[in-house]
Amino acid sequence: MTEKIDLLVHCGFLYPMDQPGRIVTSAEVAIRDGIVVHAGTAMPAGHWQAARTIGGPGVAVLPGFVNCHSHAASAIFRSQSDDGEGGAALYKVAFRGEKDVPASDWRDLAWLGAADMIKAGFTTINDIWYEPEALGEACLQLGLGAEIAFKLFDLKLEELWRGDYTRHADIGEGRLRRGVEFAETWHGKGDGLITTRIGPHATDTCSEALHREAFAEAKRLGIGTHTHVAQSPGEVAAITSWHGLGPAEYLAHIDCLDQDSVLAHLTFASPRDLDAVRDTGARYAHCPTIYPRRGMFPDVPAIDERGIAWGIATDWMMNDPFEAMRFALNALRLTAGRHDAFTSEQALWRATAGAANVLGKAGSKGTLAPGKQADLIVLDLDRPHLQPFYGDFSSVVWYARAADVVTSVVRGRVIMEHRKLCAGDEAAIVAQVKQHLPRWGQLMTSLGGVSNIDPCCG
Ligand SMILES: [Zn+2]
């Protein structure tokens, strides 16, 4: 019997991530109406009548990576907080500079970020930033799945580096209104490609009233929240001095945490904070690329002991899931002093199925199995750095690079082929960003950041 399908993807190696240890050789993924109908051993010739067939024996197929905490448009701050005291640059450069970046720049950066994510192998992101409509438009056109939140706070971020926590209710109200309007307008756009969250930026940058209102709005809309928690010692010190609680404990105490809350970082979380995360069912976005830059690493064993759901994310600057997996592997093995503290398979699971679970989307994303959304990436194995390719999880996780992702499929739609975006002009997106460089360089140096760009001619 012949079955009609839209897309058939052949591969030498398939990593469905749906069952522990499962790797299928000489495999294929069959897709109809954006849904996987088969992901496993190749069926006999003639079984499928496919409108389109791609792939071949020289490729591997994985579920698309899920970035459960990102700031696609934050690339403007690349290089600013990588050396020196990273946390200080966050406050002195990024938080002070964000208000001076016009909406049109954030728009150009959103397109850049969406293109960057696709080219790195992400098929879904969970983003919180400025100008969420611009990111929504970029993702809709380019085909990238996205959960998007508008960044809420009710103080002057640019004053935070001085420890000035003066609240401005008008800022909070205006931002909450825009965040809610965005969620109401955009949730479910593109037949569900775009979904939304409410995004109280951090435990200390929102007042208790704003946290409560934001959480109530999220519940009213039936969507989740997305917040930075225990990201910096300054945040922990502020929350503890005001409330006598750690940041996650505090959010639980004011009834603003539940299973639909995504918490980024938990770098400086206390055991009691982690208990609060466990008790509320909140989920954790772990960003291993960024922590070693700061000389710190969250207590993942304590997070695992409590059974907290977590996935790998990139936060900002380097949107590379392969690098993120290797940072997590190296850091967790080094901090534990054990080679087996974290395995390649676990890293790949945390960057795909685990990250989808953080978003509450384990039922539709993160694995390749019948009934799941057809979000997948194709890796070209015919590369010198992948030879000889023995096909284990370690072969992919320790050796593959983002640039090996040649094809990307989201909900059955091919959105990148031969490393070319199918619905966007990558060169134009990059050129658009580059024209801002002299001005951005001046902005960074005026804030004490880094830039070696000639201010007159870029
Ligand atoms: Zn972040």
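What follows draws every value from the coordinates through simple rules; no lab data is involved. The model shown is predicted, which means the values in this text are computed figures rather than measured ones. Note that we place each Cβ from the backbone using ideal geometry, even for glycine, and neighbour counts take in every protein chain shown.
For S270, what charge total do you get from the other residues with a beta carbon under 11 Å from its beta carbon, if Lys and Arg give +1 and Asp and Glu give -1?
Residues close to S270 contribute a combined charge of -3.
Could you tell me which of rounded, prolate or oblate describes segment 354-417, using a ≥ b ≥ c as the square roots of the eigenvalues of the alpha-carbon gyration tensor, with rounded for a/c under 1.5 and, failing that, prolate when a/b is larger than b/c and oblate otherwise?
Judged from the Cα gyration tensor, segment 354-417 comes out prolate (a/c at least 1.5, a/b above b/c).
Does segment 65-358 classify as rounded, prolate or oblate by the C-alpha gyration tensor (a ≥ b ≥ c root eigenvalues; a/c under 1.5 gives rounded; else a/b over b/c gives prolate, otherwise oblate)?
rounded
Under 25 Å Cα-Cα from K99, which lysines qualify once same-chain neighbours fewer than 8 residues away are excluded?
The reachable lysines, counting only those whose Cα sits under 25 Å from K99, are K151, K156, K434.
Once you have the Cα-Cα distance between H47 and D82, take 0.36 nm times their residue separation minus that, and quote the gain in nm to one decimal.
In short, 7.4 nm is gained.
If you add up the charges near R293, with Lys and Arg at +1 and Asp and Glu at -1, over every other residue whose beta carbon is less than 9 angstrom from its beta carbon, what do you get?
Local net charge: -1.
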